[in-house]
Amino acid sequence: MKKPIWIAVVLTVVLMVTLLFGSCGNGKLPASSNAPSADGTNSTTTDSATDDTISAGDASGTGSSVPTRTVTNDDMATIVETSDEWISTRTGISERHFADQETNLSLGTEAAEKAIAMAGIPREEIGVVICATITPDNIVPSQACLLQKSLGLTEQIFAFDICAACTGFLYAMHTARSLLCTMPEKKYALVVASELLSRVTNFADRNTCVLFGDGAGAAVITLDENSRYAFDCGADGNTEVLYCPKSYHNTNPFAASLPEQPEQQVKMEGRAVYSFAVQALSGSIRRVADQVGGYPEHYICHQANARILQAAAKQLKEPMEKFFLDIAKYGNTSAASIAIALDDCVRSGAVKRGESVMLSGFGGGLSYGTAYFTF
Ligand code: ACO
């Protein structure tokens with residue numbers, strides 16, 4: 001290669017690296033490693049907990065919204081053979097909310113409005129909007145594009161959805177934070193997690209229908225130089241134990257034969273998912289604790305079953321009092337669950353500024369993830 005061309009190539013590479021990471025801590029890349037997860041799968045771990053690595057993400061405003069209709073365990077017992085006693089002792093759930101007129105967008109918009117109001121920020125400084133959901137209103141446009149419109153956000157924005165089931169809010173937060181690192185001109189990202197699980201629930205299956213609920217949560221994310229941050233995530237593709245097929249009304253006139261369309265409803269092997277959840281949660285939390293040198297003051301985990309959190313706490317030898325629980329009021333709202341719990345924690349004062357938290361999720365995919373930050 002001739003010398004001037006060689007110099008130009010080097011300069012271009014240096015410029016690209018600076019643009020990608022320069023706004024997030026002296027141009028240094030975050031440490032990254034692959035560690036085996038509790039169940040033997042690979043997980044990706046990113047640590048920015050040292051002084052000179054990238055700055056931390058922080059939720060500067062939170063919000064949530066649930067449908068007005070509350071459905072109690074006794075109400076569920078009118079449609080399937082179950083009881084308040086069985087549901088509450090096996091899961092910790094007392095009631096959930098199911099949408100009537102509400103949509104994914106209406107719930108997401110209300111949660112986001114509350115988060116923006118709490119953060120008290122100018123909307124034009126929001127450079128990213130991500131919606132985590134497995135129950136969008138449409139295939140196109142995405143929920144994130146619809147949120148851009150309904151919230152009056154600028155057109156100069158990254159807007160897209162993430163499908164990672166109950167881990168969706170964590171994946172979205174980490175993605176938003178990573179994007180902010182590349183956008184020095186934008187200070188904030190908006191992460192919304194909105195679900196109408198009633199759209200994909202088989203209300204004749206008592207094994208699953210008593211578990212789910214509808215709702216949305218949102219957080220305004222910003223990079224905080226003074227906060228510590230660490231993250232772990234993983235995935236292990238599986239349609240055996242947790243599965244919700246997509247049903248397409250296919251009218252392709254050129255197809256020799258059209259496949260029969262599956263029912264678009266969640267199917268779950270409860271016990272297998274339970275075992276995965278306990279291992280994934282404790283393994284992921286342990287890996288993040290190793291990075292930051294200890295356990296946090298609070299855990300805000302996916303609310304699928306109170307017993308899963310009790311079992312994980314026992315494995316970690318951590319007191320259950322550190323684990324926030326609001327499953328009694330909402331059931332399992334998939335991606336929205338951690339976002340709603342985070343908002344409940346903030347508004348109730350259960351977590352205070354300066355305290356350390358781990359958000360941890362697991363679910364369909366199979367997928368899991370944990371994020372540590374000081375609030
Ligand atoms: N009411 C009464 N009885 C019931 C009900 C019900 N709603 N559901 C199941 N049963 C019965 C079963 O039929 C079974 O009866 P049998 O012994 O006569 O066969 C008995 O109760 C025990 O069933 P199990 O499945 O063993 O109950 P378990 O204690 O495992 O609890 C549960 C089931 C709550 C589903 C649990 O396994 C669990 O929480 N699993 C994990 C779910 C989860 O975390 N999902 C996350 C992802 S969801 C997503 O991604 C959208």
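Points to keep in mind about this one:
- Peptides 333-345, 164-176, 115-127 ordered by packing proxy, namely the average of other Cβ atoms within 10 Å per residue, highest first: 333-345, 164-176, 115-127.
- A Cα-only calculation for segment 116-240 places Rg and Dmax at 16.0, 51 Å.
- Highest-first packing order for the peptide set 188-201, 347-360 is 188-201, 347-360, based on the mean count of other beta carbon atoms within 10 Å.
- Sorted peptide list for 247-254, 133-140, criterion being average Cβ within 10 angstrom, highest first: 133-140, 247-254
- Cross-link check: pairs Lys114/Lys317; Lys114/Lys187; Lys114/Lys329; Lys114/Lys267; Lys267/Lys314; Lys317/Lys352 evaluated at a Cα-Cα cut-off of 25 Å; pairs beyond the cut-off: Lys114/Lys317; Lys114/Lys267; Lys267/Lys314.
- Tail weight of P(r) past 25 Å, computed on alpha-carbon pairs of segment 230-375, percent: 34
- Residues whose amide H lies under 5 Å from that of Ile162, counting only those 5 or more places away or on a different chain, are Cys131, Ala132, Thr133; hydrogens are built 1.01 Å from N in the peptide plane.
- Euclidean distance between Cα centres, segment 165-193 to segment 276-345, Å: 21
- Cα convex hull of segment 289-375 - mean projected area over all directions, nm²: 5.6
- D (Stokes-Einstein, µm²/s), Kirkwood Cα radius, segment 174-312, 0.692 mPa s at 37 °C: 174
- For segment 244-258, Karplus couplings with θ = phi - 60° (6.51, -1.76, 1.60), whole Hz, Gly/Pro x: 9, x, 9, 10, 10, 7, 8, 10, 3, x, 8, 6, 5, 8, 9
None of the figures in this text is laboratory data; all of them are computed from the coordinates on show. Being a predicted model, the structure only gives us computed values, none of them experimental. All Cβ positions, even for glycine, are placed from backbone atoms using ideal geometry, and neighbour counts span all protein chains on display.
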